Amino acid sequence: MTPQARASAAIEVLADIEARKRPASDALKDWGLSHRFAGSGDRAAIGNLVFDCLRKRASSAYAMGEDSPRALVLRTLVTSWHKTPEEVSALADGSRHAPEPLGEAELAGLAREVSADAPAAVRGDYPERLQPLFERAFGPRAGEEGAALAERAPVDLRVNTLKATREKVLKALQRFSPMPTPLSPTGVRILQAPGAGRSPHVEAEAGHGKGWYEVQDEASQVAALLTGAGPKAQVIDLCAGAGGKTLALAALMQNSGQLYAYDSDRMRLRPIFERLKRAGVRNAQVLAAGDRNALAGLSSKMDLVVIDAPCTGSGVWRRRPDAKWRLSPQMLEARLKEQAEVLEEGAPLVKQGGRLAYITCSILPPENRDQVEAFLARHPEFKLIPWRQLWGEALPETPPPPSADGSEDTLLLTPLSHGTDGFFVAVMERHG
């Protein structure tokens, strides 16, 4: 496909997303099925363009004076794909499969800069209705934090120390120019190709099949480290899902002790079995999904309860940019209810002197600090452990960067402050 045809296809996909109010991945899949002539490189380029449009939808609409699919694609070719307005004008020549020629207003929009006094939600490319929550979290840096969440994310891998070393994985993937992550001692990072470039398919590599590594953002790796999981402990991953945190915990426990994996949804839990086997995990027991009686049998026995809670996913907008435009007040309220429920489910499992780790991939205060404070008010037997103490225990050789929200007892990681996805970590100890 020509660049003109790819741009037209991206406009078509964005129009479908808007009309049918559905995830971008679904719209892209359907487009590919109905346009089988498009090669894998074409589909990757179109997907990149669509996601880049969604990442910077607010600032593009502000500059162009409209948020039509066409306006978003034209502007994104300039701001994210680094074409000049003249190059975009030449691309949109109205020929077969090409967008129609640009008008004067569109040319002006392509050349327009988004000024520093534009609204923070515009500069940060997030929904205006979330401005109060961004201000609570970040104060005057709200726009800058949002803008960092609107960039492409790298591919981060967690080395499975049960089977490999970081040096071994770096060598195996050297054709992708990997590098060590700055915070996690078991992390490997591969930068995303710009523009139409395809991301490395690291899960197709032999090392992945051998269980040497898993795809996992560095923030998620750090969150697992800060839980304090270690050898011979009794640990439960209460919202295990497909098992990303379970695998990280098993490695930290050095395949000793007992690790339970539980999730209320059997479909979310289903992939965990193959992943545990591939990773060489021997100390994990997967509880039947939704089996509350099994949980009751673990009451007051756990050294560590890990709650990687259901959340809005606002911290991973770099990877799922369409999610920020679909996030509604009703969705937030539903997540808050689920978070409170799972905290209540996890609290009785913690033994005296044990820990409860609450983790989200959100940057919104109601899901993070507010949720923790409400839990502590209901359960005065739990006390927060300052995150710097946890960092010193888990990462003694890495200087702790400040929390993005300035907190001293809970940690908020963000792309702007730490180069990671947005993750919140709070670890509480039971004293009574």
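The values are calculated or read from the model by the stated rules, or taken from the named source; none is laboratory data. As the structure is a computational prediction, the values presented were derived from the model and not from experiment. As a convention, Cβ positions derive from the backbone with ideal geometry for all residues, glycine included, and neighbour counts pool all protein chains shown. With ligands, DNA and RNA removed, areas are computed over all heavy atoms of the protein, side chains included. Shrake-Rupley method; radii C 1.70, N 1.55, O 1.52, S 1.80 Å.
Listed values, structure above:
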read-out: Residue satisfying all of: in region 200-214; within 20 Å of the chain's Cα centre (by Cα) and open to solvent by 70 Å² or more (accessible area, probe 1.4 Å); modelled with the highest pLDDT among these; value: Glu203
read-out: Wholly enclosed strands (runs of 3 or more DSSP E) of region 163-277 bearing at least 1 residues free of Cβ contacts under 8 Å to residues at least 60 places away in the same chain and either aliphatic (A, V, I, L, M) or farther than 24 Å from Ser299 by Cα (or both); value: 187-190, 213-215, 258-261
read-out: Phe424 being out of contact with any helix residue (DSSP H, G or I) (no Cβ under 6 Å at 6 or more places or on another chain) and modelled with pLDDT of 95 or more; value: yes
read-out: Filter result (open to solvent by less than 10 Å² (accessible area, probe 1.4 Å), under 18 Å from Ala240 (Cα atoms), under 21 Å from the mean Cα position of the chain (by Cα) and of a type in the set (Val, Ile, Thr)) within region 329-378; value: Ile359, Thr360
read-out: All helices (runs of 4 or more DSSP H) inside region 104-143 with 3 or more residues being farther than 26 Å from Pro366 by Cβ; value: 104-111
read-out: Matching residues in region 187-198 - criterion: being open to solvent by 70 Å² or more (accessible area, probe 1.4 Å) and not charged (D, E, K, R); value: Leu191, Pro194
read-out: Region 144-162: number of residues that are in a loop (DSSP other than H, G, I, E, B) and under 22 Å from the mean Cα position of the chain (by Cα); value: 7
read-out: In region 278-302, the residues that are β-branched (Val, Ile, Thr) and assigned to a strand (DSSP E or B); value: Val286
read-out: Positions within region 25-41 being surrounded by fewer than 17 Cβ atoms within 10 Å (Cβ to Cβ), assigned to a helix (DSSP H, G or I) and among the hydrophobic types (A, V, I, L, M, F, W, C), in sequence order; value: Leu33
read-out: Any chance Ala289 is out of contact with any strand residue (DSSP E or B) (no Cβ under 6 Å at 6 or more places or on another chain), among the aliphatic types (A, V, I, L, M) and open to solvent by 20 Å² or more (accessible area, probe 1.4 Å); value: yes
read-out: Lone qualifier among Asp303, Asp322 - being acidic (Asp, Glu), surrounded by 15 or more Cβ atoms within 10 Å (Cβ to Cβ) and over 17 Å from Gly346 (Cβ atoms); value: Asp322
read-out: Only one of Leu336, Leu343, Leu332 that is in contact with a His (Cβ under 9 Å, 6 or more places away or on another chain), under 30 Å from Tyr126 (Cβ atoms) and part of a helix (DSSP H, G or I); value: Leu343
read-out: Top-ranked residue of region 140-186 - restricted to ones that are within 20 Å of Ala251 (Cα to Cα) and acidic (Asp, Glu), ranked as most open to solvent (accessible area, probe 1.4 Å); value: Glu167
read-out: Residue that is farthest from Ala148 (Cα to Cα) [pool: residues in region 42-57 that are open to solvent by less than 20 Å² (accessible area, probe 1.4 Å) and among the small types (Gly, Ala, Ser)]; value: Ala45
read-out: Residues of region 306-319 classified as of a type in the set (A, V, I, L, M) and either in contact with a Lys or Arg (Cβ under 7 Å, 6 or more places away or on another chain) or surrounded by fewer than 19 Cβ atoms within 10 Å (Cβ to Cβ) (or both), total; value: 1
read-out: Condition broken by Gly228, with the remaining ones in (1) over 16 Å from Pro310 (Cβ atoms); (2) crowded, with 23+ Cβ neighbours inside 10 Å satisfied; value: (2)
read-out: Criterion (at pLDDT below 95 and farther than 25 Å from Ala153 by Cα) met by exactly one of Arg282, Arg292; value: Arg292
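Per-residue answers, yes or no, for (1) of a type in the set (Gly, Ala, Ser); (2) under 25 Å from the mean Cα position of the chain (by Cα):
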position: Ala27; (1), (2): yes, yes
position: Ser34; (1), (2): yes, no
position: Ala38; (1), (2): yes, no
position: Val50; (1), (2): no, yes
position: Tyr62; (1), (2): no, no
position: Ser68; (1), (2): yes, no
position: Lys83; (1), (2): no, no
